[in-house]
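A.B. asks: Let me begin by handing over the structure; questions about it come next.
Only the coordinates and a few stated rules stand behind these numbers; no lab work does. Keep in mind the model is a prediction, meaning the values are calculated, not measured. Counting neighbours? That spans all protein chains shown, and the Cβs are built from the backbone with ideal geometry, glycine included.
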Amino acid sequence: MKIIKTIAETQSYINALKAENKSIGFVPTMGALHEGHLELLKRSKKENDISVCSIFVNPIQFNNPEDLEKYPKTMKTDIEKLESVGCDVLFAPEVNEMYPDEVSKEYDFGGLDKVMEGKFRPGHFNGVAVVVKLLFDIVPAHNAYFGEKDFQQLAIVNEMVRQEKIDISIRPCPIIREKSGLAMSSRNARLTDKELAIAPLIYHTLFAVKNKIHELSVAELKKWAINELHQVEGMEVEYFEIVDTVKLQPVNSIHEVEHTVACVAAFLGKVRLIDNIRLS
Ligand code: PAF
């Protein structure tokens, strides 16, 4: 695997491959790689000639300085994992390479960034959109792969690509779960054994909600789910929303729109976890 740290070298390397008519797949990450990331790379390998991964812990998408400071950094094992799935190129820049100047870009995502993650993490999605745009400039791939665990991020990336008129296909990939049902996340590494034992309740609650959609109203489902999660000591729900899958706006009834998704963010101790399940 070729490891590159500068923008200029990455751009010229990828452009040379494109000039040879190679198709490029791209998996942007913040490192601390787990099976979920590796699944994205495996799909990229299947669908492209060359697969590129980036590892960059993007400071401007963290609204909480402690979260940024505690974000797991595991470059050595990340490189081993990438090599094990046959990743061709790793772009791993430093912060001053990505942001030599202050960032002033402000995206307008309409209502997309006003709910759920956007509501509780001000500035987060602007930071995501800025870095993903920059990464797409540096790695002008044909296809880019994102996990559906970050459901709202996926909608933001699609909207940014639409606004910036970037010629790339965004490929959503299903959530990868532990045997326990817990959605794989780099943040899981920060959970204690006790928290790890409790964390699967998030998925089990989402799953139960899916089974109850014909029995309970949306308001009742939300109330039930939050109550269920709060039964466990140490679990603090930040939001539990049922939204339409396109505009991500809360619905009053499951039948109001064609497709809905239940999304949750909850703290287990100091670790914030998110998950979701499609309902209809
Ligand atoms: O999902 C992530 O890991 C990050 O938000 C991303 C898309 C790599 C941007 O920093």
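A.B. asks: Is the shape of region 3-67 best called rounded, prolate or oblate, per the rule: a/c under 1.5 gives rounded, else a/b larger than b/c gives prolate, else oblate, with a ≥ b ≥ c the square roots of the Cα gyration tensor eigenvalues?
C.D. replies: Details: a/c = 3.30, a/b = 1.50, b/c = 2.20.
In terms of gyration-tensor shape, oblate.
A.B. asks: Still on this structure, please answer the following. From the phi of every residue in region 161-166, what ³J(HN,Hα) in whole Hz does the Karplus formula 6.51 cos²θ - 1.76 cosθ + 1.60 yield, where θ is phi - 60° and glycine or proline is x?
C.D. replies: 4, 5, 5, 8, 6, 8
A.B. asks: While we're on this one: Just the Cα atoms of the chain: what Rg and Dmax do they give in Å?
C.D. replies: In order Rg, Dmax, the Cα atoms of the chain give 19.1, 58 Å.
A.B. asks: Another question, if that's okay. Under a Cβ-Cβ cut-off of 12 Å, what is the net charge of the residues other than ILE198 that fall near it, where Lys and Arg count +1 and Asp and Glu count -1? Don't skip to the answer; put the middle values down first.
C.D. replies: On the way: positive: LYS194; negative: ASP193, GLU195, GLU233, GLU236.
That sum, taken over residues with Cβ under 12 Å, equals -3.
A.B. asks: Where q = 0.17 Å⁻¹, what log10 of I(q)/I(0) comes from the Debye formula for region 144-236, counting one point per Cα?
C.D. replies: Relative scattering, expressed as log10 I(q)/I(0), comes to -0.90.
A.B. asks: For region 177-224, which chymotrypsin sites (Phe, Trp or Tyr not before Pro) are both in a DSSP coil and crowded by at most 13 other Cβ atoms within 10 Å? Please list the in-between numbers first.
C.D. replies: Working: sites: TYR203, PHE207, TRP224; in loops: none.
Within region 177-224, no chymotrypsin sites (Phe, Trp or Tyr not before Pro) qualify (loop, at most 13 other Cβ atoms within 10 Å).
A.B. asks: Given Cβ point charges of +1 (Lys, Arg) and -1 (Asp, Glu) and nothing else, what value in debye, to the nearest 20, does the dipole of region 1-134 about its Cα centre take? Walk me through the intermediate numbers first.
C.D. replies: On the way: 17 positive and 21 negative charges, 71 e Å.
So the magnitude is around 340 debye.
A.B. asks: Right, here's the next one. On each of the three principal axes of the Cα atoms of region 216-262, give max minus min coordinate, whole Å, ordered largest first.
C.D. replies: 36, 20, 11
A.B. asks: Please express the shape of region 1-137 as an equivalent ellipsoid: the semi-axes are the square roots of 5 times the eigenvalues of the C-alpha gyration tensor, given largest first in whole angstrom.
C.D. replies: On the way: eigenvalues 139, 61, 48 Å².
Semi-axes (√(5λ), whole Å): 26, 18, 15.
A.B. asks: Continuing with the same structure: Once you keep just the Cα pairs under 8 angstrom separated by 6 or more residues, what percentage relative contact order results for the chain? If you can, show how the numbers build up before the last one.
C.D. replies: On the way: 467 pairs, mean separation 49.6, N = 280.
It comes to 18 percent, rounded to a whole number.
A.B. asks: Fewest to most neighbouring Cβ within 10 Å: what's the order for CYS87, CYS53, CYS263, CYS173? Walk me through the numbers before you get to the answer.
C.D. replies: Values: CYS87 26, CYS53 30, CYS263 22, CYS173 19.
Fewest-to-most ranking of CYS87, CYS53, CYS263, CYS173: CYS173, CYS263, CYS87, CYS53.
A.B. asks: Here is a follow-up. How about region 238-269: which GluC sites (Glu not before Pro) there lie in a loop by DSSP and see at most 11 other Cβ atoms within 10 Å? Numbers along the way, then the final one.
C.D. replies: Details: sites: GLU238, GLU241, GLU256, GLU258; in loops: GLU258.
Passing both the DSSP loop test and the Cβ count: GLU258.
A.B. asks: If you keep only loop residues by DSSP, which chymotrypsin sites (Phe, Trp or Tyr not before Pro) in region 225-274 have at most 12 other Cβ atoms within 10 Å of their Cβ?
C.D. replies: Values: sites: TYR239, PHE240, PHE267; in loops: none.
Listed in order of number, the matching sites amount to none.
A.B. asks: With the Cα gyration tensor of region 116-166 giving a ≥ b ≥ c as the square roots of its eigenvalues, does the rule (a/c under 1.5 for rounded; else a/b larger than b/c for prolate; else oblate) give rounded, prolate or oblate?
C.D. replies: Values: a/c = 2.09, a/b = 1.59, b/c = 1.31.
Prolate shape, in that a/c is at least 1.5 and a/b is the bigger ratio.
A.B. asks: Counting other beta carbons within 10 Å of each residue's own, what order do ASP193, ASP150 fall into, fewest first? Spell out each step's value before the answer.
C.D. replies: Values: ASP193 6, ASP150 18.
Least crowded to most crowded, the residues run ASP193, ASP150.
A.B. asks: How large is the Kirkwood hydrodynamic radius of region 193-280, counting all unique pairs of alpha carbons, in Å?
C.D. replies: Working: mean 1/r = 0.0764 Å⁻¹.
One decimal place: 13.1 Å for the Kirkwood radius.
A.B. asks: Ignoring everything except DSSP H segments at least 4 long, calculate the 222 nm mean residue ellipticity for the chain; use -39,500 (n - 2.57) per segment, divide by total residues, nearest 500. Provide the component values of the computation, followed by the final result.
C.D. replies: On the way: 11 runs with 110 residues, N = 280.
Counting only the DSSP helices, I get -11500 deg cm²/dmol.
A.B. asks: Quick one: check the C-alpha center-to-center distance for region 255-280 versus region 74-152, whole angstrom.
C.D. replies: Using only Cα atoms, the two centres lie 21 Å from each other.
A.B. asks: Could you tell me which of SER169, ILE156, GLY110 has its Cα farthest along the dipole of the chain towards the positive end, charges placed at Cβ (Lys, Arg +1; Asp, Glu -1), taken about the Cα centre?
C.D. replies: SER169
A.B. asks: Still on this structure: Just the number: Rg to Rh for region 65-129, Cα atoms, Kirkwood Rh, two decimals. Display every interim value, and only then the final one.
C.D. replies: Working: Rg = 16.0 Å, Rh = 15.0 Å.
Radius of gyration over Kirkwood radius for region 65-129 works out to 1.06.
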